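Reviewing the structure listed below.
The values are calculated or read from the model by the stated rules, or taken from the named source; none is laboratory data. Keep in mind that what you see is a predicted model, and the values were worked out from it rather than measured. Glycine gets a Cβ as well: all are built from the backbone with ideal geometry, and neighbour counts include every protein chain shown. What goes into the accessible areas is simple: the full protein's heavy atoms, side chains included, and nothing from ligands, DNA or RNA. Shrake-Rupley method; radii C 1.70, N 1.55, O 1.52, S 1.80 Å.
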Amino acid sequence: TLSLSGQPGATASVSYGSRDNGTVTFDASGYASTTFGRALVDLGLSNPIIRVAYSDGTAGSAIERARDSL
């Protein structure tokens, strides 16, 4: 599970390696979370890049980090 913070009401897309993990919506407190399913974990990627980017036009740069650095 990945916990995120952002602008309340905004949406962000999340990817794991090259695979899309869907979209999250930040709650009124600015928090959201997403769980990576077994299919993603079973890809056997040694240290995939996890990327989170606003997907609704909210200003802000995407964040990309290797899984081991999160």
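A few remarks follow.
- Checking each residue in region 1-11 for being out of contact with any Gly (no Cβ under 6 Å at 6 or more places or on another chain) and in a strand (DSSP E or B) picks out 2, 3, 4, 11.
- In the set 5, 33, only one residue is in contact (Cβ under 8 Å) with a residue 24 or more places away in the chain, among the polar types (S, T, N, Q) and in contact with a Leu (Cβ under 7 Å, 6 or more places away or on another chain); that residue is 33.
- Selected residue (criterion: least open to solvent (accessible area, probe 1.4 Å)) from residues of region 16-33 that are polar (S, T, N, Q) and modelled with pLDDT under 95: 21
- Scan of region 13-43 for residues that are under 18 Å from residue 70 (Cα atoms) and small (Gly, Ala, Ser), ordered by number: 13, 15, 17, 18, 32, 33, 37
- Screening residue 55 with (1) touching a residue at least 40 places away in the same chain (Cβ under 8 Å); (2) closer than 13 Å to residue 8 by Cβ; (3) among the small types (Gly, Ala, Ser) gives one miss only, at (2).
- Residue check, residue 46 touching a residue at least 24 places away in the same chain (Cβ under 8 Å), under 18 Å from residue 66 (Cα atoms) and open to solvent by 30 Å² or more (accessible area, probe 1.4 Å): no
- Scan of region 49-70 for residues that are more than 9 Å from the chain's Cα centre (by Cα), open to solvent by 60 Å² or more (accessible area, probe 1.4 Å) and aliphatic (A, V, I, L, M), ordered by number: 49, 59, 70
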